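So the structure is just underneath, and the comments pick up after that.
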Amino acid sequence: MTPRRPSHRRPLISTEVYMKFHRILSVLVIALAALILPRFAHAQQYTPVVTPNGSTLPFTMNNGVKEFRLTAEPVKREFAPGMIVNAWGYNGSTPGPTIEAVEGDRVRFFVTNKLPERTSVHWHGILLPNGMDGVAGLNQPHIEPNETYVYEFTLKQNGVFMYHPHSDEMVQMAMGMMGFFVIHPKVPEVPKVDRHFVVMLHEWFVEPGTATPNPNVMTDFNLFTFNSRVWPGTDPWVVKKGERVRFSFGNLSMDSHPIHVHGYTFEEVSTDGGPVPRSARRPETTVNVPVGSTRTVEMVANAEGDWAFHCHKSHHTMNAMSHDVPNMLGVKQSASLEARVREILPGYMAMGESGMGNMMEMGRPKNTLPMMTGDGPFGPVEMGGMFTVLKVRAGLTSYADPGWYKHPEGTVARKVEATK
């Protein structure tokens, strides 16, 4: 057997070139990891929030700083099909887009004013340098029309907060200028939340037949909104059976709102002041959201169905045509009586002897919603305002609206013959 001769082929690259290439490649990998891993780690740490009927504000990275851009401007907002409101907001919407960042982030906001008057931005509940707090005239000059100001600070806490103007606040907030600022914790939460909804509660007065809110009204509001939408214009909140779900409610209106869920209990886990200790939590079906505050609740979605979620102040689940109407319940009203009342109260419509439930399709001024509207699988849903549907389903492959719940046979209340 002839022994193999040693190969005398020259290597494709020299050892020196190989080592140089290896060093360059190592540097590139480390640099790429430095850019990608922090963003990847943050993505793994928290569940991005869902803003029903809204959006999240994008950002860019600039030398380690997250940069956001906000434009204060007039917007047109559809409260529900058939009603468009001339509001003010940010980036084309009211509420403004939700801001998301992580505890410890350095953030920078460029705020441009496209309103017909001056403004500012206050970062409600956030710990920051005094000169960044946004109270115009006290902490900074006003942002005049067509000017751009920059705010920059490091996030020292986590939680659900808000942003809004502190310049002509009565008018600008009444017109819809507000949004969420969610700061996720640096350390991953246990247990992890699968779905996190943020919902801004607000009140408006829009005279029937008009489209612009009246900011001078202090108590007698006639529209009550979840993220500047009223039922049936509110998107359903869709979750998969078994998921841990978090709901954060913010309130920059003039009233507190007791938010109630059907078919479940939840626990209040945090406020804009910080987390609620586990020892202080208890099962609830209603959480009261005070003015100028946020409240966050959690639950596990273990019961399938279409569950009502609404404010439990009954007039807050009705729309504009139900307000400023005298109490005529039980009074038999003829056409002549209705005509005489209209001489005193233009636009009055007779309630009848039994209430308003059958009167949702009465004639009404343009750009004005019925007092109660929207259809469900069994007929009219006699609600409006702060009302939506929590849709829980097993085996979801997407969070698109799954349609109405199909009840198992024998599980729906039914008509029976009267018993003695």
Filtering the stretch 192-210 down to residues that are touching a strand residue (DSSP E or B) at 6+ places or on another chain (Cβ under 8 Å) and among the β-branched types (V, I, T), which residue is surrounded by the fewest Cβ atoms within 10 Å (Cβ to Cβ)?
-> V193
Leading residue by the ranking (surrounded by the fewest Cβ atoms within 10 Å (Cβ to Cβ)) among those in the stretch 86-125 that are more than 18 Å from the chain's Cα centre (by Cα), in a strand (DSSP E or B) and among the hydrophobic types (A, V, I, L, M, F, W, C) | F110
Within the stretch 159-181, the count of residues that are of a type in the set (V, I, T) and either under 12 Å from S293 (Cα atoms) or out of contact with any strand residue (DSSP E or B) (no Cβ under 9 Å at 6 or more places or on another chain) (or both) comes to 1
Somewhere in the stretch 98-114, is a residue hydroxyl-bearing (S, T, Y) and under 16 Å from G176 (Cβ atoms)?
-> yes
Quick one: E189 ticks every box in (1) touching a strand residue (DSSP E or B) at 6+ places or on another chain (Cβ under 6 Å); (2) part of a loop (DSSP other than H, G, I, E, B) bar one, so which box is it?
-> (1)
Please go through the stretch 181-191 and pick out each residue that is surrounded by fewer than 21 Cβ atoms within 10 Å (Cβ to Cβ) and not charged (D, E, K, R).
-> P185, V187, P188, V190, P191
Sort out which residues of the stretch 270-314 are without any contact (Cβ under 8 Å) to a residue 12 or more places away in the chain and in contact with a His (Cβ under 7 Å, 6 or more places away or on another chain), and write them in order of number.
-> none
From the list L70, L138, L128, pick out the single residue that is within 27 Å of F224 (Cβ to Cβ), out of contact with any Lys or Arg (no Cβ under 6 Å at 6 or more places or on another chain) and not aromatic (F, W, Y).
-> L70
Filter the stretch 151-180 for residues that are surrounded by fewer than 19 Cβ atoms within 10 Å (Cβ to Cβ) and either in contact with a helix residue (DSSP H, G or I) (Cβ under 6 Å, 6 or more places away or on another chain) or among the small types (G, A, S) (or both) and give the result.
-> F153
When (1) surrounded by fewer than 19 Cβ atoms within 10 Å (Cβ to Cβ); (2) touching a Ser or Thr at 6+ places or on another chain (Cβ under 6 Å) are applied to R244, the one that fails is (2)
Yes or no: V416 part of a loop (DSSP other than H, G, I, E, B), modelled with pLDDT under 85 and more than 24 Å from H260 (Cα to Cα)?
-> no
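So which residues in the stretch 55-85 are polar (S, T, N, Q), farther than 18 Å from V160 by Cβ and not in a loop (DSSP other than H, G, I, E, B), if there are any at all?
T60, N62, T71
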Answer yes or no: is there a residue in the stretch 354-377 that is assigned to a loop (DSSP other than H, G, I, E, B), modelled with pLDDT of 95 or more and out of contact with any helix residue (DSSP H, G or I) (no Cβ under 6 Å at 6 or more places or on another chain).
-> yes
If you go through E243, E189, E203, E207, the only one that is out of contact with any Pro (no Cβ under 8 Å at 6 or more places or on another chain), within 18 Å of G96 (Cβ to Cβ) and of a type outside the set (G, A, S) is E203
Restricting the stretch 380-394 to residues that are farther than 14 Å from T234 by Cα and modelled with pLDDT of 95 or more, which is surrounded by the fewest Cβ atoms within 10 Å (Cβ to Cβ)?
-> A394
Complete set of residues in the stretch 246-286 that are farther than 20 Å from T98 by Cβ and of a type in the set (V, I, T) | V261, T265, V276, T285, T286
The stretch 372-388 - residue that is among the β-branched types (V, I, T) and out of contact with any Phe, Trp or Tyr (no Cβ under 7 Å at 6 or more places or on another chain) and, of those, farthest from A320 (Cα to Cα) | V381
Condition check for G250: in contact (Cβ under 8 Å) with a residue 40 or more places away in the chain, touching a Ser or Thr at 6+ places or on another chain (Cβ under 7 Å), of a type in the set (G, A, S) and within 30 Å of K156 (Cα to Cα) = yes
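The values are calculated or read from the model by the stated rules, or taken from the named source; none is laboratory data. Please read these numbers as outputs of a predicted model, since none were measured by experiment. Glycine also receives a Cβ, built like all others from the backbone with ideal geometry; neighbour counts cover every protein chain displayed.
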